[in-house]
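A short write-up of the structure that comes next.
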Amino acid sequence: MPDVTKTDVSRLGLGAQISVLFAIGGLLVSILLGGATLLLTRGQLLDTRGSAAAAMAVSNATRLSNQLTPESSIEDLPTVVDSLTRIEGSQRIIRVGDDWLVAPELDRADLPAPLVERLGDRRPGQMLATVRGQPRFVVGIPLTAFDADYYTISDLSDVEQTLDDLRYVLLGTGAIAVTLAALLGSWASRRMLRPLRRVREAAEAIAGGRLDTRLGVQADPDLDRLSDSFNEMARALESRIQRDARFASDVSHELRSPLTTLMAGVGVLESRKEELSPRSMIALDLLVADLERFNRLVNDLLEISGFDAGVAAVDLTEVDIARFLEVTATNADVVDLRMPDDARGVLLQADKRRLARVMSNLLDNAGRYGGGASAIILEMDNTLRIIVEDDGAGIPAAERSAVFERFFRGSAGGRRTGDGGTGLGLNLVVEDLRLHGGRVWVEDRPDGRPGARFVLELPLPEVDA
Ligand code: ADP
């Protein structure tokens, strides 16, 4: 069934998502605060400047009005104007009749048309406008006693400069705020995901066979419920696996006594084999072979149920590994035994019975499927590796992990029943090695010749410096 929860878009992990959310939150807050600060400051600055400019314009227009007479012409104005108050960066434009007195850098066309129109109706006005590319505040006051208007144009570029500076500061603090928010998010996510990591580690431990793994108290009511449910599930799983293992073990035990009786009965028959007819002899041979296989199967099942129930005990003793391999090779008629010189005298903490069973399983398999083991090799560096090679057909790459599963009969094993195999031998090797903290795998022979090469890896004892 396709996994509907996954999309093709590569997705961020939970931790990264939380960090991104915090960063987005930081960005939004920065934009909001920055925008509000800019708007308020701009309004405040323009208000102050606007009121100052308007107050000065009103006072100057009144003074101008007082000094003008109906006979005054545009020529008289410069003298009058010089006596008016001026603030830095402000210019004036004055209309008297059809004549205009304009500040040197300006033109009457620079006046915003709506304001001129307003003054045409003899109403004062003020507005923000861009004059010659600069932001300006323009105030216009009609001199009611005359056919004249008074305009002041104040430069606002210093206000814009202040706002620009403020923009840079806000941008900088915004960037810092976003970074801090992302860091906070990553810290918070790590904190929040810590309990999940514990659950994952516990689940991995259970999957790895440590069925008694439980989660501790989480110091949080919500998480406590999670760990309670998890522990409940782990307990149920453990008791179920133990029940299954006990069942397999009970069945195997129950089978043992009738099997012993059968074996004894067949033994009697075998001792009087010559009295049997040829057909009965063949039937007896088949019976003996199957009984032996059955007996091995029951013994292997008993061992495996011990592993499953977690009661398989290791009886660790010091094993002189070089000596052990020499004896093994001699018993199995393997002539080619290779080991480094410094392997002599190396003592391994191991369960000798289990180690012997591992070797005998591998050597039996080599005999059954590879025409006998061609070499036993010991290698030592950080770990210790015992290698069993044969000259058979080898194991196809596709079956190299499956051969270690229970009841797997590979293409070499075929579906034959007469080869004495139970399909449990390599699984017992895996379990025995796991008890020793080791592992096993199968690989190609390095010399490129066909054949299986089983590698057993065991940790070396720590050497005191
Ligand atoms: P069994 O030998 O009882 O079938 P094992 O677990 O020992 O069970 O082996 C599983 C399968 O792995 C065998 O059926 C066989 O196909 C394959 N196998 C094991 N050892 C070898 C080998 N040395 N060469 C080729 N195939 C092998």
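Read-outs: derived from the displayed coordinates by stated rules, not from any lab. All of these numbers come straight from a predicted model, not from anything done at the bench. Methodologically, a virtual Cβ is constructed for each residue, glycine included, from the backbone with ideal geometry; neighbour enumeration extends over all protein chains shown.
Hey, what's the Cα Rg ratio for the chain versus the globular rule of thumb, 2.2 N^0.38 Å? Please list the in-between numbers first.
Numbers: Rg = 48.4 Å, N = 465, 2.2 N^0.38 = 22.7 Å.
With N residues counted in the chain, Rg over 2.2 N^0.38 Å equals 2.13.
Rounded, prolate or oblate: which one fits segment 294-386, using the alpha carbon gyration tensor with axes a ≥ b ≥ c (rounded when a/c is under 1.5, else prolate when a/b beats b/c, else oblate)?
In terms of gyration-tensor shape, oblate.
In sequence order, what are the phi-derived ³J(HN,Hα) couplings for segment 384-390 according to the Karplus relation 6.51 cos²θ - 1.76 cosθ + 1.60 with θ = phi - 60°, rounded to whole Hz, with x for glycine and proline?
Result, ordered by residue: 10, 10, 10, 10, 10, 10, 9 Hz.
Using the crude model of +1 on Lys and Arg Cβ and -1 on Asp and Glu Cβ, and no other charge, please compute the dipole size for the chain relative to its Cα centre, in debye to 20.
So the magnitude is around 1140 debye.
Mind ordering 20-32, 158-170 by average Cβ neighbours within 10 Å, highest first?
20-32, 158-170
For segment 147-288, what does the alpha-carbon gyration tensor say about shape, rounded, prolate or oblate, given a ≥ b ≥ c as the root eigenvalues, a/c under 1.5 as rounded, and a/b over b/c as prolate?
prolate
Which whole-Hz couplings ³J(HN,Hα) result when phi for each residue of segment 241-247 is put into the Karplus expression 6.51 cos²θ - 1.76 cosθ + 1.60, θ = phi - 60°, listed in order with x for Gly and Pro?
Those phi angles translate into 5, 5, 5, 4, 5, 5, 4 Hz.
At what distance in angstrom do the alpha carbon centres of segment 157-188 and segment 15-88 lie from each other?
After rounding, the separation between the Cα centres reads 25 Å.
In percent, how large is the relative contact order of the chain, given Cα pairs closer than 8 Å and 6 or more residues apart?
Dividing the mean separation by the residue count of the chain yields 10 percent.
Near the amide H of ASP351, under 5 Å away, which other amide H atoms are found, from residues 5 or more places off or on another chain, if H is placed in the peptide plane?
THR317
Where Rh is the Kirkwood radius over the Cα pairs of segment 221-309, the temperature 4 °C and the viscosity 1.567 mPa s, what D in µm²/s does Stokes-Einstein return?
Once the numbers are plugged in, D ends up at 80 µm²/s.
Which peptide among 232-240, 287-295 comes first, and what is the full order, when sorted by highest mean count of other Cβ atoms within 10 Å?
Order by mean packing, descending: 287-295, 232-240.
Which value, in debye to the nearest 20, gives the size of the charge dipole of segment 5-99 about its Cα centre, when Lys and Arg are +1 and Asp and Glu are -1 at the Cβ?
Values: 8 positive and 9 negative charges, 174 e Å.
Computed about the Cα centre, the dipole is about 840 debye.
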